[in-house]
């Protein structure tokens, strides 16, 4: 199937209907520029998905980047192996599909652009000249699917070692360990793998020196205590100045997206906890909401407020760890121990409600695993009474400390334009003055019913990123108090066949109900065919689960867009020209967890 055989429209067909929803206004703008050379796909989402010709891709992407009220951020980019997908009604023929998820702040909406590729010709032009953060996303698609992005400045594997064979997210690549021969590691193989980790500057277009001196190359990691996980960055140094840097990720890669292809819609929930292992149930939120959109499930009010309350507890939990370790990386040892005391109190509340602490996996499709237990109000009130005096002390003793300010003010600084270009969300974006918090901009789970502010700073430096985290703790406490005072009555989960099995008492009297109960529990529910995405403000920024259902008990494709993947990609643009010590402060203040980066 060559490119010229992929026809996206029929010139003899009637003009497509106009979708009057505001998010779809861009479709008419595209038609005004490009005619009917693209096809609009129907999805479960509230923003358009269009298929375009490969030859027009860059023109359309550039148009969207520069149109009035532009799509300033490449929010996500990945691919899909379509070869085993059965329910593709109305879609153009495609063996592999590359998609671009773009975000417009001025429109407060998105668009997804897709390109169909044949198995015999997996070439597509790079988008790195339009959005610099396309670099890593394209390398990931190359690594996982074998897509060749022509013109890419350094197209090589990113999550897997250079010697890896095959592309794991292809459908012909096995998904289970039992499908492989046992792993072995003899001395020869170990020596080979170690040699592959050797950094060769010339492979990255770097010089070993200039006319006057040799540069030093420093491996920071992959186990350096300042790296917040197994992460390596290779520094090209002239004295203590960073001439260039190469971030190296993948040491935490566990194939979380591949696991989505072999877990039922319900049984995949615990995996979402572990994408960002500090986010807890807040990480469940975008996944279960995406499934609920596929299934057409309306979540009861009580379940929505419970979800909000627990998500905000985990936000405070994450921000306390962030602030404590940021201060520690700047040289202050004491605050992190105080903040761990606060975090233990949070975990006590979470354990009392869910039965677990760090990884509750407690949200369910359609609601939560159980109702709130007796006495939950007392525990929440005790925490809300405990924290204010502690926060005031932290600000006075640490955040207003002159040494701390001197070490972080105007360090590792970037502005709003750079943040948008690199796909930064969350506190990193709001520290540059951009007022974009998904909870406010695109309310979900009833966030529109809560009174809270979005803290902003404007310097975009390490100190502002810490300050925004600190102020967000206060706002999360406001939200939790409103949950405490206004918790609705009613069910904690939806009465929907795709979310809840039939009641046990009915299974004893009705054979059809018994069969449905058995299938729902043993095989899992079958979701309608289609595609769904929900964006949520998880603890580190904006995250989405882009789910493709092929009318099965499992996802056909689970794409996880995490906030810290683009944050690490930004390192060279921020740090090159600074000192090594400034890199440590940068890593300390961008709120990374490597499992969130590598998935």
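Data table
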read-out: Failed criterion for residue 59 (all others in (1) touching a strand residue (DSSP E or B) at 6+ places or on another chain (Cβ under 7 Å); (2) part of a helix (DSSP H, G or I) hold); value: (1)
read-out: Selected residue (criterion: surrounded by the most Cβ atoms within 10 Å (Cβ to Cβ)) from residues of the stretch 352-371 that are touching a helix residue (DSSP H, G or I) at 6+ places or on another chain (Cβ under 7 Å) and on the phi > 0 side of the Ramachandran plot; value: 367
read-out: Test set (1) more than 19 Å from residue 532 (Cα to Cα); (2) touching a residue at least 60 places away in the same chain (Cβ under 8 Å) - residue 111 fails condition number; value: (1)
read-out: Helices (runs of 4 or more DSSP H) within the stretch 378-466 that include 3 or more residues at pLDDT below 90 and either loosely packed, with under 15 Cβ neighbours inside 10 Å or in contact with a strand residue (DSSP E or B) (Cβ under 8 Å, 6 or more places away or on another chain) (or both); value: 402-408
read-out: Scan of the stretch 313-366 for residues that are more than 25 Å from the chain's Cα centre (by Cα) and farther than 27 Å from residue 466 by Cβ, ordered by number; value: 351, 352, 353, 355
read-out: From 92, 70, 48, 16, residue being at pLDDT 85 or above, touching a strand residue (DSSP E or B) at 6+ places or on another chain (Cβ under 8 Å) and over 30 Å from residue 563 (Cα atoms); value: 92
read-out: Hey, residue 573 in contact with a strand residue (DSSP E or B) (Cβ under 9 Å, 6 or more places away or on another chain) and either more than 21 Å from residue 289 (Cα to Cα) or buried (at least 22 other Cβ atoms within 10 Å of the Cβ) (or both) or not; value: no
read-out: Qualifying residue in the stretch 74-86 (condition: farther than 29 Å from residue 295 by Cβ, under 25 Å from the mean Cα position of the chain (by Cα) and surrounded by 20 or more Cβ atoms within 10 Å (Cβ to Cβ)); value: yes
read-out: Selection status of residue 416, under 19 Å from residue 592 (Cα atoms) and either out of contact with any helix residue (DSSP H, G or I) (no Cβ under 6 Å at 6 or more places or on another chain) or touching a residue at least 40 places away in the same chain (Cβ under 8 Å) (or both); value: no
read-out: Selection count, the stretch 170-203, where residues are in contact with a helix residue (DSSP H, G or I) (Cβ under 9 Å, 6 or more places away or on another chain) and surrounded by fewer than 10 Cβ atoms within 10 Å (Cβ to Cβ); value: 2
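The values are calculated or read from the model by the stated rules, or taken from the named source; none is laboratory data. Just so you know, these numbers come straight off a predicted model, no measurement behind them. FYI the Cβ positions are ideal-geometry reconstructions off the backbone, even for glycines, and counts take in every protein chain you see.
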